[in-house]
Amino acid sequence: MKKPDNPFVLNTYHGKAYFCDREKDLSLLQDHINNGRNVVLYAWRRLGKSALVHRFFEELEDSGAYETVYVDFLSAISMEDAVRELSSAVFERFGKTKSGISASIQKLIASIGASISFDPISGVPSLSLGLNTPGHEEQSLHALGDFLSQRKKSIVVAIDEFQQVSTYNEVHAEALFRSWVQKFPDIRFIFSGSHRGMMSEMFLEKNRPFYLSAQMLPLDPIPLEKYSAFIQSHFEAKKKVISEDIIKMIFEWSRGQTYTVQLICNYLYAQCQEVKEADFHRVKRDVLEQQQAIFANFPKMLTKTQWRVFQAIAKEEPLENPLSKEFINKHQLGAASTVNTAIKSLKKQELVIEDNGVYLVHEVLLARWMAKA
């Protein structure tokens, strides 16, 4: 992978040199996988779940004992889509070899009703999916499981945004995936999700197929001291300067959210030789102004009451009691019952979260933008 010009990467995993800490989480993942346990990795958005999985997979692959498959269900809105994403991920990982298409891959392709086409210029093969008759997802999953379980090395499959399965119209979707996992006990699974409520319900409610079937691993923000050392090391490598005090300001303003910390540091690294407090405040303003067009749509997506409660929480966060007379009267929100109904709706959409006894706006940049409005 090409070395990034800016070490504070935002969109993908670029290698362990640009990955901060998570040593405890990596150790826990390793212990679970080594001992035959499936894992549920869940956290609030933009804390770096996907990057952690890729970092962990790099270690597994380097060990020589494992092969890994990563698939993202974010855009999969049905069982058919989910099987298509899984099939594509398996083909991308194992289907393109120097010696051509193996017999096992050809058998798998036939089993899932797909076909291979070749780029006329490069000759690179690609998989054409969607040929199976809808309703044959169970058959396709079984074929994928058979293929993976027959690999010489141990297989670990990570399914990102796994909570999407609970939204499928097919009422048996969760049961189908649970049955698939049970049929192939030699394959280890990491179920990752950014909707903590939905992920918890899927794996902790007694009447759900995945009840207590995997080890829960919540992901917390990276500690300030770890992030501070990481940030300073990259600045110092280019003879740039940033103080611990300013890093603390960045961390607190970002609420420890990995993406937002990285974003602010990305701008400061690009623009400053020596970061001053004024630079931090300027970059904050610039970042929020760039989000203006997106954030301005939120009042249109909510009722008037929901928007007013939403904005009031942003101004007061961390908020301990949103139903207190002091909070309601200060922001002229009306009856407590009305505020309670609005909060329930905002929590269901995960626009507002309750974390460690306080209420927060889930998206940090949106919270900071609303607090200024």
Quick one: with all protein chains in place, what share of the accessible area of region 200-280 is carbon or sulfur, to the nearest percent (1.4 Å probe)?
49
Rg and Dmax of the chain over Cα atoms: what are they, in angstrom?
23.2, 72
Contact order normalised by length for the chain, with contacts defined as Cα pairs under 8 Å and 6 or more residues apart; what percent is it?
18
Apply 1/(1 + (r/R0)^6) to the Cβ-Cβ distance of E244 and N356, taking R0 = 22 Å, and write down the FRET efficiency to the nearest 0.05.
0.30
Just check region 27-87 against the gyration tensor rule for me: Cα atoms, a ≥ b ≥ c as the square roots of the eigenvalues, rounded for a/c under 1.5, and otherwise prolate or oblate depending on whether a/b exceeds b/c.
prolate
Sequence-distant aspartates and glutamates (8 or more away, or on other chains) whose Cα lies within less than 16 Å of K344:
E320, E354, D355
Per the helix-only calculation at 222 nm, which mean residue ellipticity applies to the chain, given -39500 (n - 2.57) for every DSSP H run of n ≥ 4 and division by its residues, nearest 500 deg cm²/dmol?
-15000 deg cm²/dmol
What does the extension gain come out to for Q106 and N34, with contour length at 0.36 nm per residue minus their alpha carbon separation?
22.9 nm
Using amide H atoms built in the peptide plane, which far-off residues or other-chain residues are under 5 Å from D72 H to H?
D160
Distance violations [Cα-Cα > 19 Å] among K206/K347; K2/K24; K24/K49; K239/K276:
K206/K347; K2/K24
Sorted by chain and number, the residues with a modelled amide H under 5 Å from that of M216, at a separation of 5 or more or across chains, are V40
Assuming a viscosity of 1.567 mPa s and a temperature of 4 °C, what translational diffusion coefficient in µm² per second does Stokes-Einstein assign to region 236-304, Rh being the Kirkwood radius over Cα pairs?
97
Place +1 on the Cβ of every Lys and Arg and -1 on the Cβ of every Asp and Glu in the chain, take the dipole about the Cα centre, and give the residue among I246, L288, Y227 whose Cα lies farthest towards its positive end.
L288
Report relative contact order for region 11-113 in percent, whole number only (criteria: Cα-Cα under 8 Å, sequence separation at least 6).
17
Can you tell which of L365, S337, P318 lies farthest toward the positive end of the dipole of region 315-365, using +1 and -1 charges on the Cβ of basic and acidic side chains (Lys, Arg; Asp, Glu)?
S337
Over the chain, with neighbouring protein chains present, the accessible area per residue in Å² at probe 1.4 Å is 50
By how many nm would the segment from A293 to E274 lengthen if fully extended, with 0.36 nm per residue of separation less the alpha-carbon distance?
3.7 nm
Considering amide H positions built from the backbone, and no H for Pro or chain starts, which residues 5 or more places from L319, or on another chain, come under 5 Å of its amide H?
Y359
Highest mean first, what order results for 6-17, 158-169 on Cβ atoms within 10 Å?
158-169, 6-17
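The values are calculated or read from the model by the stated rules, or taken from the named source; none is laboratory data. Fair warning: this is a prediction, and the values are worked out from it, not measured in the lab. Every residue, glycine as well, gets a Cβ built from its backbone with ideal geometry; the counts of neighbours run over all protein chains shown. Accessible surface is based on the protein model in full, side chains and every heavy atom, while ligands, DNA and RNA are left aside. Shrake-Rupley method; radii C 1.70, N 1.55, O 1.52, S 1.80 Å.
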